[in-house]
Amino acid sequence: MGVNLLSVKPKPIVDSSMSLVDKVELNLRKYFVEANLQAGDPIPKEAELAEAMGVSRTALREALSRLKTLGLIESKRNRGIILTQPDILGSFERVLNPMLLDSTTLQDIFELRLVLEMGIADLLYIRKTSANLQKLEELVMREENTLDRFLKNRFDAEFHAMLYEISGNQTILRFQKMLYPIFNFVHSGQIIGKTEVKNAVTHRHLLTELKEGTPSSFRDKMSIHLKVYFDNVDE
């Protein structure tokens, strides 16, 4: 534990520009930092927190409930409420449903996907192996050997998912899985490019570049590969 819990107390509520529960939540966040609490440390009892901030236990409990939803705290048997290692993607994952998001948000999220795929090139060259390059080869061959539009879209998504996996970054990989419904929206025509791309770069070209090229040349190829989508980005 960082410090004695009683040596640092949450400040009383004085700001009147927010709702009471919002202010309590903000005060609790500040208190966790000022008290130097770490993941696994217990926080003071509800009565002590409520008294220190001069608020009712009802308002305090609602603020604590919000923090639990965000994954910042949790209740432990025989220990009370403790600080946790926050799940930075947890809340985002709960709402990332294309049916719940407007077109502008969908477009923003898809653009984020484009930026990610341009940015992981260096990780791919550091962490690629003969085994995962072979998996990409098999995916490309399956895509090339089918005329079925549904299967081509599926192999397209699997190819890009494999790139995230090769990156070895678990947060990026999880984020890609969360974005999968957005990919489906792309293929269903909800987000489409404005123009056809001349001299388009295929997955075969990308794979060859990954085997024989450099991070810089791969990024160039990926830029052309994704151009049909970048052309749809509003200026």
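The values are calculated or read from the model by the stated rules, or taken from the named source; none is laboratory data. Note that the structure is predicted; figures quoted are calculated from it, not measured. Methodologically, a virtual Cβ is constructed for each residue, glycine included, from the backbone with ideal geometry; neighbour enumeration extends over all protein chains shown.
Taking the stretch 215-235 only, how many residues are loosely packed, with under 13 Cβ neighbours inside 10 Å and modelled with pLDDT of 80 or more?
Within the stretch 215-235, residues that are loosely packed, with under 13 Cβ neighbours inside 10 Å and modelled with pLDDT of 80 or more number 1.
Determine if the stretch 90-103 includes at least one residue that is part of a helix (DSSP H, G or I) and closer than 30 Å to Lys221 by Cα.
yes
Within the stretch 62-71, is even one residue loosely packed, with under 12 Cβ neighbours inside 10 Å, among the hydroxyl-bearing types (Ser, Thr, Tyr) and farther than 23 Å from Gln170 by Cα?
No, the stretch 62-71 contains no residue that is loosely packed, with under 12 Cβ neighbours inside 10 Å, among the hydroxyl-bearing types (Ser, Thr, Tyr) and farther than 23 Å from Gln170 by Cα.
Going residue by residue through the stretch 123-130, is there one that turns out to be over 17 Å from Val201 (Cβ atoms) and over 24 Å from the mean Cα position of the chain (by Cα)?
Within the stretch 123-130 (the criterion being over 17 Å from Val201 (Cβ atoms) and over 24 Å from the mean Cα position of the chain (by Cα)), the answer is yes, since at least one residue qualifies.
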